[in-house]
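Chemist: I have a structure here, written as C-alpha cells, and I will follow up with some questions on it.
The values are calculated or read from the model by the stated rules, or taken from the named source; none is laboratory data. Keep in mind that this is a model prediction, so the values were computed, not measured. Positions of Cβ are backbone-derived with ideal geometry, glycine not excepted, and every protein chain shown enters the neighbour counts. Side chains are part of the model used for accessible areas, which takes the heavy atoms of the whole protein and leaves out ligands, DNA and RNA. Shrake-Rupley method; radii C 1.70, N 1.55, O 1.52, S 1.80 Å.
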Amino acid sequence: MSTPNVRVFADLTALTAAAKQFLLEQATGAIAQRGQFTLALAGGNTPKPLYESLVSADTPWLQWHIFWGDERYVPLEHTDSNAGMAFQAWLNHVPIPKTQIHPMPTEDADPQIAADRYEQTLRQHFGLRNGEFPSFDLILLGMGSDGHTASLFPHTAALQVGDRLITVGNKDGQPRLTFTVPLINHARQILFLVTGANKQTALHHIFSSTGDPHLYPARLITGNTLWFLDQAAAEGVVDNA
C-alpha cells in the first residue's frame, strides 16, 4: 500500500468537527462544478455525531443526493439499519428531497435481487453504460477492528467481485448489501473515519507494505483516500501520533 494520507485528531469530537468541515467543502466544490453533490454514507457509531452535526449546516440541500455504501439486511425501521440511523440523526431534519435519498432496498426475499435493484438505481442516476463505474463525489467509510470496510469482510466472496457495482456481503452468515471494491475506488474522494484503540492492529496491517488484503479488506481501497483517525486509533501506528 502506498503511504496513506492520514490526519490525526485528539478525540471523536475533534474528528467530527473536521469531518463536517471537509464534507461541506466537498459539497460546495461539487455543486459549483457539477450542480450536485453525490454522497455515500457509512453506518456504525463513528459517523453518527457527524450526521447529527449536519442538521445545522448551511448548505444548498436541494443539490444533495444521498446513497449508502452498505446495509444490513434488515427493514429501515430496524435498530440495526444504517439508513434508519442516518434518517433519525440527520436526514429527517433537513430539506433534501426524498427523491434524492436512496436507501438500499432490503425487502426482497433474495438479497441478490435487492443488490441488482440498487445497482440499477446507481446506473440510472449516473447515466452509466455497461461496464462503467460511477464517480461519487464522496464516499464515507468506517473500518472494523477486523479490518473490514463497508460490508467487505475478511475472506469473503464479496472481495473478489470486480464486474458489479453492488454485491451481497456476508457477516457471520448474515447477508449485507455492499458497494464493491472497484466502485469505491472510482470515487472522486474517499474518507475513512476510524476511532478507538481496538483499531490499531488492523491499521498497522493496512498501512504496512506487506499486509494481506484478504485478511484486512480496507487495504483494497486504493483510490483517492483520506484517513481521519482519533488519537486512540493512531497511537503506535502513525508517526508522532
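Chemist: Tell me the residue from Pro175, Pro217, Pro182 that is under 14 Å from the mean Cα position of the chain (by Cα), open to solvent by less than 60 Å² (accessible area, probe 1.4 Å) and more than 30 Å from Gln63 (Cβ to Cβ), please. Spell out the reasoning first.
Modeler: Numbers: Pro175 fails: under 14 Å from the mean Cα position of the chain (by Cα); Pro182 fails: more than 30 Å from Gln63 (Cβ to Cβ).
After ruling out the rest, the residue left standing is Pro217.
Chemist: For segment 219-241, name all the residues that are among the polar types (S, T, N, Q), under 24 Å from Ser151 (Cα atoms) and not in a loop (DSSP other than H, G, I, E, B). Steps first, please.
Modeler: Quick first cut of segment 219-241, residues among the polar types (S, T, N, Q) only: 222, 224-225, 231, 240.
With under 24 Å from Ser151 (Cα atoms) added as a condition, the list becomes 222, 224-225.
Of everything in segment 219-241, just one residue is among the polar types (S, T, N, Q), under 24 Å from Ser151 (Cα atoms) and not in a loop (DSSP other than H, G, I, E, B), namely Thr225.
Chemist: Quickly run through segment 185-214 and pick out the residues that are closer than 16 Å to Ala150 by Cβ and either surrounded by fewer than 19 Cβ atoms within 10 Å (Cβ to Cβ) or out of contact with any helix residue (DSSP H, G or I) (no Cβ under 8 Å at 6 or more places or on another chain) (or both).
Modeler: Of all residues in segment 185-214, those closer than 16 Å to Ala150 by Cβ come to 185-187, 189-194, 199, 202, 206, 213-214.
Asn185, His186, Ala187, His214, listed by residue number.
Chemist: Another question, then. Return a yes/no flag: does segment 101-124 have any residue that is at pLDDT 95 or above and farther than 22 Å from Leu165 by Cβ.
Modeler: There is no residue in segment 101-124 that is at pLDDT 95 or above and farther than 22 Å from Leu165 by Cβ.
Chemist: Moving to a separate point now. From the list Ala114, Ala157, which one is open to solvent by 60 Å² or more (accessible area, probe 1.4 Å) and aliphatic (A, V, I, L, M)?
Modeler: Numbers: Ala114 fails: open to solvent by 60 Å² or more (accessible area, probe 1.4 Å).
Just a single option satisfies the conditions, and that option is Ala157.
Chemist: In this structure, does Gln124 turn out to be surrounded by fewer than 16 Cβ atoms within 10 Å (Cβ to Cβ), touching a residue at least 24 places away in the same chain (Cβ under 8 Å) and over 30 Å from Asn198 (Cα atoms)? Can you show your working first?
Modeler: Working: surrounded by fewer than 16 Cβ atoms within 10 Å (Cβ to Cβ): yes; touching a residue at least 24 places away in the same chain (Cβ under 8 Å): no; over 30 Å from Asn198 (Cα atoms): yes.
Criteria not met by Gln124.
One line per residue, one yes/no per condition, for (1) of a type in the set (A, V, I, L, M); (2) at pLDDT 95 or above:
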position: Ala150; (1), (2): yes, yes
position: Thr156; (1), (2): no, yes
position: Val181; (1), (2): yes, yes
position: Leu203; (1), (2): yes, yes
position: Ser208; (1), (2): no, no
position: Thr225; (1), (2): no, yes
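Chemist: Let me ask another. Across segment 64-105, which residue is most open to solvent (accessible area, probe 1.4 Å) among those that are in contact with a helix residue (DSSP H, G or I) (Cβ under 6 Å, 6 or more places away or on another chain), in a loop (DSSP other than H, G, I, E, B) and closer than 14 Å to Leu177 by Cβ?
Modeler: Leu76
Chemist: Taking the condition of being within 12 Å of the chain's Cα centre (by Cα) and not aliphatic (A, V, I, L, M), how many residues in segment 44-73 meet it?
Modeler: Let us first name the residues in segment 44-73 that are within 12 Å of the chain's Cα centre (by Cα), namely 44, 46-47, 66-71.
Okay, now just the ones that are also not aliphatic (A, V, I, L, M), so 44, 46-47, 67-71.
The qualifying residues number 8.
Chemist: Where the second residue is aromatic (Phe, Trp, Tyr) and the first is touching a residue at least 24 places away in the same chain (Cβ under 8 Å) and lies in segment 30-48, which pairs have Cβ atoms under 6 Å and are six or more apart or on separate chains?
Modeler: Ala30/Phe37; Ile31/Phe37; Phe37/Trp64; Thr38/Phe136; Ala40/Phe67; Ala40/Phe136; Leu41/Trp68
Chemist: Name the pairs whose Cβ atoms lie under 8 Å apart, with the first residue in segment 15-28 and farther than 18 Å from Gln231 by Cβ and in a helix (DSSP H, G or I), the second at pLDDT 95 or above and among the β-branched types (Val, Ile, Thr), and 6 or more positions between them or separate chains?
Modeler: Leu24/Thr59; Ala27/Thr59; Thr28/Thr59
Chemist: Right, another one. Scan segment 216-241 and report the pairs whose first residue is touching a residue at least 40 places away in the same chain (Cβ under 8 Å) and farther than 19 Å from Thr16 by Cβ and whose second residue is surrounded by fewer than 19 Cβ atoms within 10 Å (Cβ to Cβ) and small (Gly, Ala, Ser), with Cβ atoms within less than 7 Å and a gap of 6+ or a chain change.
Modeler: So the pair list comes out as Arg219/Gly211.
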